Amino acid sequence: DGLTLTNGNLVVAAGHGIDFSAQSAGSDMTGELLNHYEEGTFSPTLASDAGAGAYSVQNGYYTKIGRIVHVQARITISTIGSFAGALINIGALPFTVANLTNYDPVGTAVLVDTANAKTDIFIRFVQNSQNARLEQSNGATGTDRNMNANAFDTSTTLAIAGSYITT
């Protein structure tokens, strides 16, 4: 009839979880077992043709529920170094992005204290990697949305948030 815990936690053995199969499911359902929950931190990185010289802030937070990973991060460059190029990767995501057909997860991005003003920026999670790419909507083509590193300068801050499916 139910389970009541008055003190302590419910501990589920590794490889097991909460089974929701007793409820009605959609016709395309692929699983009804919730078998993972995790919260943690990570240290995001920025890299283009070369990495940033140094960071004053590298804070990343994640929550993983089943196969869905929610991330939020803030990165501030303290030394620009040789950071340059036309492709900016945000690295060191906590889990690998799933490699699925027609799967193209995106998230939000904000740049503060930039060297060159940029608008319509976002992140696109890169399949089969632990990276997201900083992109800019160009409104004209479906290709090459990569944002150039010339927007970054000493003290530029990038804040991101998004969700993706992991393997």
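The values are calculated or read from the model by the stated rules, or taken from the named source; none is laboratory data. Here the structure is a predicted model, which is why all the values come from computation and not from measurement. Reconstructed Cβ throughout: ideal geometry from the backbone, glycine too, with neighbour counts over all protein chains shown. For accessibility, only protein heavy atoms count, side chains too; no ligands or nucleic acids. Shrake-Rupley method; radii C 1.70, N 1.55, O 1.52, S 1.80 Å.
Data overview
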| read-out | value |
| --- | --- |
| Qualifying residue in the stretch 81-98 (condition: without any contact (Cβ under 8 Å) to a residue 24 or more places away in the chain, open to solvent by 20 Å² or more (accessible area, probe 1.4 Å) and over 18 Å from Asn59 (Cα atoms)) | no |
| Output for the stretch 5-51, where each listed residue is polar (S, T, N, Q) and touching a strand residue (DSSP E or B) at 6+ places or on another chain (Cβ under 9 Å) | Ser21, Asn35, Thr41, Ser43, Thr45, Ser48 |
| Qualifying residue in the stretch 49-69 (condition: among the hydroxyl-bearing types (Ser, Thr, Tyr), in contact with a His (Cβ under 6 Å, 6 or more places away or on another chain) and at pLDDT 85 or above) | yes |
| Residues of the stretch 36-91 satisfying the condition of being closer than 21 Å to Asn116 by Cα and β-branched (Val, Ile, Thr) | Thr45, Val57, Ile75, Thr76, Ile77, Thr79, Ile80, Ile88, Ile90 |
| Residue tally, condition closer than 17 Å to Ile65 by Cβ and either exposed (fewer than 10 other Cβ atoms within 10 Å of the Cβ) or in contact with a helix residue (DSSP H, G or I) (Cβ under 8 Å, 6 or more places away or on another chain) (or both), over the stretch 16-42 | 2 |
| Condition met for Ala109 (under 23 Å from Tyr55 (Cα atoms) and surrounded by fewer than 18 Cβ atoms within 10 Å (Cβ to Cβ)) | no |
